[in-house]
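Working notes, structure below.
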Amino acid sequence: QVHLVESGGGSVQAGGSLTLSCAAPGYIFSINSQGWYRQAPGMERELVAQISYDGTRNYENTVKGRFTISRDNAENTVHLQMNNLKPEDTGLYLCYCNAQKRREDGERDYWGQGTQVTVSS
């Protein structure tokens with residue numbers, strides 16, 4: 001089991017910034033990708049940002065140029081720097097990690113519990 005530890009989030013006014021972090025401590029045989037999904041009330045869960053094992057980054061269209069995902073190898077941590085936040089960025093941000101915990105395991109998605117981001121106008 002991969003346990004994800006999230007931090008960051010909170011409430012901010014439009015135009016402000018927040019940083020989310022998600023660590024996956026402990027031994028992991030391989031990580032394919034890590035990132036963040038967003039769940040807004042009444043909306044489907046959508047991918048916000050993702051970073052693959054080779055460093056390739058993908059962003060949801062509305063956050064391009066405002067959000068930056070990065071990774072450091074310390075405890076397999078990813079960070080999501082969110083600038084110029086808008087009310088429509090409001091939602092529960094869920095960290096995920098697609099990984100193979102041990103060599104003999106299959107790949108699967110692991111999820112954090114989520115951290116709330118609220119942007120007021």
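Just one of the numbered conditions (1) more than 26 Å from Val12 (Cα to Cα); (2) open to solvent by 50 Å² or more (accessible area, probe 1.4 Å); (3) in contact with a Ser or Thr (Cβ under 9 Å, 6 or more places away or on another chain) is not true of Gln100: (2). Right, Gly106: farther than 15 Å from Val119 by Cβ and either in contact with a strand residue (DSSP E or B) (Cβ under 8 Å, 6 or more places away or on another chain) or among the aromatic types (Phe, Trp, Tyr) (or both) or not? Here the answer is yes, as Gly106 does meet what is asked. Residues that are under 11 Å from the mean Cα position of the chain (by Cα), open to solvent by less than 50 Å² (accessible area, probe 1.4 Å) and in contact (Cβ under 8 Å) with a residue 24 or more places away in the chain within region 59-78 comprise Ile69, Thr77, Val78, listed in sequence order.
Considering (1) under 10 Å from the mean Cα position of the chain (by Cα); (2) open to solvent by 50 Å² or more (accessible area, probe 1.4 Å), the lone condition that Glu6 does not fulfil carries the number (2).
Candidates Leu85, Leu94: the one that is more than 24 Å from His3 (Cα to Cα) and open to solvent by less than 50 Å² (accessible area, probe 1.4 Å) is Leu85. Where residues in region 103-117 are surrounded by 15 or more Cβ atoms within 10 Å (Cβ to Cβ) and touching an Asp or Glu at 6+ places or on another chain (Cβ under 9 Å), which of them is nearest to Ser30 (Cα to Cα)? If we take residues in region 103-117 being surrounded by 15 or more Cβ atoms within 10 Å (Cβ to Cβ) and touching an Asp or Glu at 6+ places or on another chain (Cβ under 9 Å), then Gly112 is nearest to Ser30 (Cα to Cα).
Among the residues of region 101-121, those identified as outside any strand (DSSP E or B) and free of Cβ contacts under 8 Å to residues at least 24 places away in the same chain are Glu104, Gly106.
Residues that are part of a loop (DSSP other than H, G, I, E, B), open to solvent by less than 30 Å² (accessible area, probe 1.4 Å) and touching a His at 6+ places or on another chain (Cβ under 8 Å) within region 10-58 comprise just one, Ala24.
The values are calculated or read from the model by the stated rules, or taken from the named source; none is laboratory data. No experiment lies behind these values; they were computed from the predicted model shown. Every residue, glycine as well, gets a Cβ built from its backbone with ideal geometry; the counts of neighbours run over all protein chains shown. These accessible areas exclude ligands, DNA and RNA; they are computed on the full protein's heavy atoms, side chains included. Shrake-Rupley method; radii C 1.70, N 1.55, O 1.52, S 1.80 Å.
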